[in-house]
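Quick notes on the structure that follows.
The values are calculated or read from the model by the stated rules, or taken from the named source; none is laboratory data. All values reported here derive from a predicted model rather than from experimental measurement. Cβ atoms come from the backbone with ideal geometry, glycine included; neighbour counts cover every protein chain shown.
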Amino acid sequence: MEPDPAPPPAPITGQEKFRWIMHCGWRGLCPRCGVGRMFKSWLKIVDKCGHCGLDYRFAAPDDGPAFFSLCIIALPLTAIVVWIQVAFEPPFWVHLVTSVPLMAIGTLLPLRPIKGWLVASQFVNRAQEAGTQGLWTRLHGTEAGRSDFDQ
């Protein structure tokens, strides 16, 4: 069993934040303690961290993982598939056997780490929509002047 990683110190630099976000996001770990699980299924985020009790109400990656997966992975793969078609003119069944599975796997596999990175980034950077603090306070019953990040 590997030792529990220490959470990042209170004021950290940009590079340390980036490393912590990548560590937690890639492994699907809680961005506060680095030990508890972030996901309860493939893309479903847990309600609370089982280790430190972090409430994941702040987590709102929305369509971000799909957007980044499509832009970063699907566009280059599409260019490769088009190049193969133009250069070699293979029969249609070759694309069904190779290109379709490559595109599906290439865009679905990175969704979880990307979602983990986005949620960890939201927590580490205390990101929320501008001007929504009062609404969040009323909706979630938190104290005035205190956000979901101050748990």
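Quick look at the numbers
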| read-out | value |
| --- | --- |
| Pairs, first touching a residue at least 40 places away in the same chain (Cβ under 8 Å) in the stretch 112-126, second assigned to a helix (DSSP H, G or I) and of a type in the set (S, T, N, Q), C-beta under 7 Å, six or more apart | 114/69 |
| Criterion violated by residue 125 - all others in (1) within 22 Å of residue 20 (Cα to Cα); (2) modelled with pLDDT of 95 or more satisfied | (2) |
| Among residues of the stretch 40-99, those that are in a loop (DSSP other than H, G, I, E, B) and either in contact (Cβ under 8 Å) with a residue 24 or more places away in the chain or not β-branched (Val, Ile, Thr) (or both), counted | 20 |
| Condition met for residue 19 (touching a strand residue (DSSP E or B) at 6+ places or on another chain (Cβ under 8 Å), surrounded by 13 or more Cβ atoms within 10 Å (Cβ to Cβ), free of Cβ contacts under 8 Å to residues at least 40 places away in the same chain and charged (D, E, K, R)) | no |
| Residue check, residue 28 small (Gly, Ala, Ser) and surrounded by 14 or more Cβ atoms within 10 Å (Cβ to Cβ) | yes |
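This table checks each residue for (1) closer than 13 Å to residue 120 by Cα; (2) of a type in the set (D, E, K, R); (3) modelled with pLDDT under 95.
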| position | (1), (2), (3) |
| --- | --- |
| 15 | no, no, yes |
| 24 | yes, no, no |
| 30 | yes, no, no |
| 37 | yes, yes, no |
| 45 | yes, no, no |
| 59 | yes, no, yes |
| 63 | no, yes, yes |
| 67 | no, no, no |
